[in-house]
Amino acid sequence: MAKILVTGGAGFIGSHLVDVLLAKGHEVRVLDALIPQVHGENATWPTWVPSQVQRMIGDVRDPDVWVKALAGMDIVYHLAAEVGVGQSMYEIVRYMDVNTMGTAVLLELLSRGNHTIQKLLVASSMSIYGEGAYQTPEGQVVFPMLRDEARLRRQQWEHYWGDSDTELIALPTNEDKPLQPTSIYAISKRDQEEMCLSVGLAYNIPTVAFRFFNVYGPRQALSNPYTGVAAIFSGRLLNHNPPLIFEDGGQSRDFIHVSDIVQGLVLGMERDEANYQAINLGTGRQTSVLDVAQALNRELGLDIAPEIVNKFRAGDIRHCFADISRARRLLGFAPKVRFEDGVRELIGWVSQQTASDKVADATSELVARGLTR
Ligand code: NAD
Ligand code: UD1
């Protein structure tokens, strides 16, 4: 039995991790600031944080908070973060402060040596890749940068080979792909990953950085208008509003159920093979945004056509899905939940919520700031 600190443990992914750690007999402490964007104004602990957890309200930017949170712990899962890609492009100081500097505060304390931490596991993100890997018509693997804005304005949404109109083909992305983060959020996640791996190595604290792909499932914050697309679309459909689709809906991601992310996180703690490495956690399956809208409609027995806005969000990538061979090989990771089954459960969760639909507000904010074109 280990003593485990989970930062962000009141949030979506952290709280599922806490459930599994408790079920395995570990002692768990949660540090979370219960931020209003996720938990509402004047929030108290969500009901899903069990009473046997030691709860600490506090901010990861505060060194004194970390000193108390780390005391007597064996393992740290650092999941607390600001998570909205679009929002990070105007709340720049807040995102860098919480994600990058909050992690710096943790690492500086660890560097002093008077701690009991034996392992550090940090939540990174596939967003640090920027675009995924692609293949040219001749079969050469390429790593394109962001799409050309002139083409996007002509609604040519794919990546093309040179100046031609031949589309590049998206490939699974592995961990060796050069990192090309395209948002402040992604830059802060790369910082977190690289800082943790570098300090872990320097001070012999086994560290693993997990690059989560697009995670969905119950407890995803619906109050947060910058939450993931599957939760946003569920909320829209349950309110009988059409999902708003940027570009043409052909953009794709790798949607992984939260229980599969937790599987990877726990394997990373229990096994040593992934120490000091960055590891993709996805399913290896490519799903388009249009497919997400269709799957949700089908599950809900609805037929609400999505509204294709034919605009694009600044910094958005077209395709990225995971090559998970490293997680399979080093950790024996094997995702179990099929998207079709996972969305059924997501809908169950969303329908129990008072789904206030704040997406329109969030979208207008992006428009007002010139971040959709
Ligand atoms: P979430 O918003 O549900 O949970 C984050 C938690 O962190 C919240 O409970 C929040 O109150 C807390 N928090 C925020 N700022 C804090 C601060 N300054 N001090 C202490 N606590 C603070 O988000 P999530 O989806 O569960 O994300 C968890 C982690 O996974 C994050 O690091 C995120 O970047 C990463 N991630 C998520 C996804 C995804 O698709 N959800 C994908 C890739 C990576
Ligand atoms: C998401 C996560 C990010 C995580 C990353 C890793 C959120 C808010 N962001 O970023 O924390 O690190 O995955 O995989 O969970 N879209 C629409 N309509 C909408 C909303 C989105 O068409 O109403 C489109 C977007 O333009 C994009 C796709 O859906 O093409 C996915 O967007 P989103 O769910 O915000 O995720 P990511 O930007 O991939």
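The values are calculated or read from the model by the stated rules, or taken from the named source; none is laboratory data. Note that the structure is predicted; figures quoted are calculated from it, not measured. All Cβ positions, glycine included, derive from the backbone under ideal geometry; neighbour counts span all protein chains shown. What goes into the accessible areas is simple: the full protein's heavy atoms, side chains included, and nothing from ligands, DNA or RNA. Shrake-Rupley method; radii C 1.70, N 1.55, O 1.52, S 1.80 Å.
Taking every residue in region 1-22 that is over 14 Å from Gly268 (Cα atoms) and pairing it with any residue that is open to solvent by 10 Å² or more (accessible area, probe 1.4 Å) and assigned to a helix (DSSP H, G or I), at least 6 positions away or on another chain, the pairs with Cβ-Cβ distances below 7 Å are Leu5/Leu70; Ala10/His39; Gly11/Val38; His16/Ser259. If the condition is being open to solvent by 50 Å² or more (accessible area, probe 1.4 Å) and assigned to a strand (DSSP E or B), then region 275-297 contributes only Gln277. Of everything in region 87-142 that is among the aromatic types (Phe, Trp, Tyr) and within 16 Å of the chain's Cα centre (by Cα), the residue that is farthest from Ile169 (Cα to Cα) is Tyr95.
When region 182-205 is filtered for residues that are part of a loop (DSSP other than H, G, I, E, B) and more than 16 Å from ligand 2 (Cβ to nearest atom), the ones remaining, listed by number, are Tyr203, Asn204, Ile205. The single condition among (1) modelled with pLDDT under 95; (2) open to solvent by less than 30 Å² (accessible area, probe 1.4 Å); (3) more than 19 Å from Gly8 (Cβ to Cβ) that Ile205 does not satisfy is (1). Here Thr173 does not qualify as β-branched (Val, Ile, Thr) and open to solvent by 30 Å² or more (accessible area, probe 1.4 Å). Screening Val208 against (1) assigned to a strand (DSSP E or B); (2) out of contact with any Gly (no Cβ under 6 Å at 6 or more places or on another chain) leaves a single unmet condition, (2). Would you mind finding the one in Asp260, Asp272 that is open to solvent by less than 10 Å² (accessible area, probe 1.4 Å) and charged (D, E, K, R)? Just a single option satisfies the conditions, and that option is Asp260. Right, Val18: in a helix (DSSP H, G or I) and in contact with a strand residue (DSSP E or B) (Cβ under 6 Å, 6 or more places away or on another chain) or not? Yes: the conditions hold for Val18. Within region 316-330, at least one residue is under 21 Å from Val208 (Cα atoms), surrounded by fewer than 22 Cβ atoms within 10 Å (Cβ to Cβ) and of a type in the set (A, V, I, L, M). When restricted to residues that are more than 22 Å from Asp32 (Cβ to Cβ) and buried (at least 17 other Cβ atoms within 10 Å of the Cβ), region 88-126 contains 2.
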